[in-house]
1. When B:ALA333 is evaluated against the numbered criteria (1) within 9 Å of another protein chain (Cβ to nearest Cβ); (2) surrounded by 13 or more Cβ atoms within 10 Å (Cβ to Cβ), which criterion, by number, is the only one it fails?
2. For segment B:189-223, which residues satisfy the criterion of being touching an Asp or Glu at 6+ places or on another chain (Cβ under 7 Å) and among the charged types (D, E, K, R)?
3. Which pairs turn up if I take residues in segment A:46-57 that are more than 7 Å from every other protein chain (Cβ to nearest Cβ) and look for partners that are open to solvent by 10 Å² or more (accessible area, probe 1.4 Å) and of a type in the set (Lys, Arg) with beta carbon separation below 7 Å, at least 6 apart in sequence or on another chain?
4. Name every residue in segment B:277-327 that is within 9 Å of another protein chain (Cβ to nearest Cβ) and either assigned to a loop (DSSP other than H, G, I, E, B) or at positive phi (or both), in order of residue number.
5. Is at least one residue of segment B:396-410 within 28 Å of the chain's Cα centre (by Cα) and within 13 Å of chain A (Cβ to nearest Cβ)?
6. Considering each residue of segment B:178-234, count those that are over 29 Å from B:ASP161 (Cα atoms), basic (Lys, Arg) and part of a strand (DSSP E or B), and give that number.
7. Consider B:LYS121 carefully, then state whether it is at pLDDT 75 or above, of a type outside the set (Val, Ile, Thr), open to solvent by 10 Å² or more (accessible area, probe 1.4 Å) and more than 23 Å from the chain's Cα centre (by Cα).
Amino acid sequence: MFDLTALWPLQAAFALFDSDSNGGAYAGLVLLASGFLYYALIYRRYRNQDKRHRHERETRAAIENVQVFDQFRQHRKGLRSAAMVGRNDELIEGALNVGGEGLLSQTLKVTSETGIDISVGGIRIFDTLRKYHK
Amino acid sequence: MPDLPTQQDLPPVAVGQHPSQQPPQPEQPPFSPPQPPQPEQPQVVQTAGDAKDGIDKCPHCGSSDIELNPQTGMLHCHYCHSEWSAPADALTGDVHQLSGIVIGSGAQDIIPSVDVVMTFKCSACGAEVIVDTREALQARCHWCRNTLSVNEQIPNGAVPDVVVPFRLTREQAQQHIEQFVSKRQFYANPTFKREFTTENIMGVYLPYMVVDVKGHVRMTGQGEHLVRRYTVGSKENRETRYDADLYDLGRDFDLLVDDLTVEASSERLQQNTVANSNNVINTILPFPMETAVQFNANYLRGYTSEKRDTNREALLGLIGAQTRDLARNRAKATATFYDRGIRWDTLDLAVSGQLWKTAYLPVWLYSYLQVKNDGSRFLHYVAVNGVTGETMGSVPVHKPKLLLVSGLIEVVGIVVGLALILLFA
C-alpha cells in the first residue's frame with residue numbers, strides 16, 4: 001500500500017492559502033522542495049536517526065527553594081526575527097545521537113519573513129506549518 | 001562535576017509573578033565566581049549483601065534450578081515452585097539526604113588485570129567449572145548438573161549493584177516488534193522484508209550507570225517578551241516586525257535528580273547514527289528503577305548480558321551535561337513569561353551529593369545485519385523495553401523505491417509550486 005498519510009506536508013502547504021495573502025507564494029516555495037521533504041520525512045520514519053532518550057524531560061527531577069530575579073532592561077522595536085536571537089533555553093548538551101545520512105545530513109535552512117524555517121534534514125517546517133495553520 | 005561553587009543568595013521573588021510587579025532590583029544579579037574544585041573520596045556502599053559465588057540454592061528447598069518468572073518479576077524455583085526476590089535496599093533513599101560522592105560496590109572502577117574468566121570448584125561434586133563473565137554469569141556443572149552463579153562483585157564490571165528483571169515475555173516482545181515493523185513496510189528493503197522474523201529476538205541485560213544528583217543551580221541570562229506583532233511595507237513588499245521587552249534574568253534553585261540513566265558500555269555509548277543504530281536502544285529509556293532488585297545471576301538465566309566496561313570517571317562529562325539540561329528544562333517553568341525565548345549566559349551547577357550505581361536493565365532486541373551494495377554492513381536494531389514495552393527501531397530503507405516516489409512528488413511540486421509563485425508573488 002502506498003503510504004498516503006505521508007503526503008500530509010503537501011496538504012499543510014496548501015493550507016497556507018487560508019492563512020495569509022502571501023500564503024500562496026509561500027506554499028509554492030514549499031512545493032518546490034516537496035520531493036526532498038518527502039524523502040527526508042520517510043527516511044526519518046524508517047531509520048529513526050533523530051530518536052533518543054529525552055533525558056531532559058523523562059528523568060525525574062525537581063527544583064526547590066527557587067529564587068527568581070527579573071529586571072526590565074529595555075524595550076526593543078521593529079525586530080525582524082520571530083524569536084529571540086541567540087536563544088538557548090532549548091539547548092541540549094547531553095544528547096548522544098549524532099550524525100545523519102544522505103539527504104538528512106544536508107540541511108537546507110531558509111528563514112522567510114514569516115519565520116518559517118525550512119529544513120530538509122528535520123521536521124521543523126512541518127511543525128511550523130501545523131502551528132501556522134491553527 | 002567536581003566544581004562546587006559557593007552559594008550566594010539572590011533577592012527572593014515569588015515564582016510566576018509578573019516582572020513588572022517585582023520590587024526594584026540591582027541591575028545585575030550578585031553572583032560570585034566558582035570556587036576551586038574540592039577533591040573528595042567516594043564512599044562505597046556494599047550492595048552484594050551476602051551473595052556468594054557458586055551454587056545458588058532455593059531458600060525453601062535447596063534446589064539450584066532457579067529462573068526469573070517475568071509475570072511476577074520474581075525468582076521461581078522449578079522444583080518447589082516458590083518465588084522470592086531481594087529488594088535493592090542498599091542504595092535507595094531520599095535524594096534530599098545525599099551528601100558527597102556515594103557509589104555502589106558494583107560501580108567501582110574496573111581493574112583491567114582482573115580476570116573475566118573465572119574458575120569455580122563445584123561445592124556439590126568438586127568438579128571445576130569455568131564461567132566466562134563476558135558472555136554469562138552462570139554455568140552448569142557438567143558432572144552433577146547444578147547451576148553455578150557469579151554473584152560476588154569483583155572489579156571486572158560483570159556484577160552490577162542492581163538488576164531490573166524482565167517483565168515482558170518473549171511473546172509480548174515479538175508482538176511489539178512485529179507491530180513496529182508492520183507500520184514500515186512500503187519502503188522497507190525487500191531483502192529485509194523477506195528475511196524478517198521475530199523468532200530469533202534476544203532478551204539482553206544491558207549495563208547502565210544510574211545516578212542521583214543533588215545540586216544547586218544558578219543561571220543568569222536575558223529573556224524577551226513579545227509586546228506587539230505587526231506588518232510594515234506596501235502590499236508587494238510586506239514584512240512582519242516584532243516589538244519586545246528585554247529582561248535580565250537570574251534563577252537560583254536546588255536541583256534534585258533521581259535515576260539519571262546512561263549507558264555503561266563503550267559500544268552502546270557510540271551513537272553515531274551514520275555508523276550504527278544504538279540510538280534506538282537509547283530511546284527506550286527510562287526504566288522504572290523502583291522495580292530494581294539486588295543482583296542475582298539467576299535473573300539472567302535464559303537471557304544474555306553485556307558486561308560493563310566503562311568507569312564512572314568516563315561518564316562524568318555526560319552526567320554533568322545531562323544534569324545541566326535538566327536544570328535548563330526545569331527552569332523554563334519559572335520563566336513562561338518570556339515567550340520569545342531566553343538566552344542563558346551562565347549556568348553554574350554546584351553538586352553537593354551524588355549517588356552512582358550500576359544496573360542491568362532488560363531489553364528485547366531484534367537485530368538485522370544489512371549488507372549494502374558497496375559491501376559495507378550496518379546493524380539495524382528494533383529494541384523493546386523489557387518492562388514498559390516502549391519500542392523503537394531502525395528499518396532498512398529501499399532507497400530506489402523511495403527516490404522514485406520522491407522524484408515524482410518533486411516534479412509535481414515544481415510545476416504546482418511555480419504556478420503558485422507566479423500567481424501570488
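The values are calculated or read from the model by the stated rules, or taken from the named source; none is laboratory data. Predicted model only: the values in this text are computed from it and were never measured. FYI the Cβ positions are ideal-geometry reconstructions off the backbone, even for glycines, and counts take in every protein chain you see. For the accessible areas, the whole protein counts, side chains as well, though only heavy atoms, and no ligand, DNA or RNA atoms are used. Shrake-Rupley method; radii C 1.70, N 1.55, O 1.52, S 1.80 Å.
1. Every condition holds for B:ALA333 apart from (2).
2. Within segment B:189-223, B:ASP212, B:ARG218 meet the criteria.
3. Pairs that qualify, where the first residue is more than 7 Å from every other protein chain (Cβ to nearest Cβ) and the partner is open to solvent by 10 Å² or more (accessible area, probe 1.4 Å) and of a type in the set (Lys, Arg), are A:ASP50/A:ARG44.
4. B:SER277, B:ILE284, B:LEU285, B:PRO286
5. So in segment B:396-410, the residues within 28 Å of the chain's Cα centre (by Cα) come out as B:396-397.
Going one step further and asking which of them are within 13 Å of chain A (Cβ to nearest Cβ), we end up with B:396-397.
Yes; the residues of segment B:396-410 include at least one that is within 28 Å of the chain's Cα centre (by Cα) and within 13 Å of chain A (Cβ to nearest Cβ).
6. So the count comes out to 3.
7. Numbers: at pLDDT 75 or above: no; of a type outside the set (Val, Ile, Thr): yes; open to solvent by 10 Å² or more (accessible area, probe 1.4 Å): yes; more than 23 Å from the chain's Cα centre (by Cα): yes.
So B:LYS121 fails the test.
Quick grid of which residues meet (1) open to solvent by 10 Å² or more (accessible area, probe 1.4 Å); (2) at pLDDT 95 or above:
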residue	(1), (2)
B:MET202	yes, no
B:TYR205	no, no
B:VAL210	no, yes
B:LYS214	yes, yes
B:MET219	no, yes
B:GLY223	no, yes
B:THR231	yes, no
B:GLU236	yes, no
B:THR240	yes, no
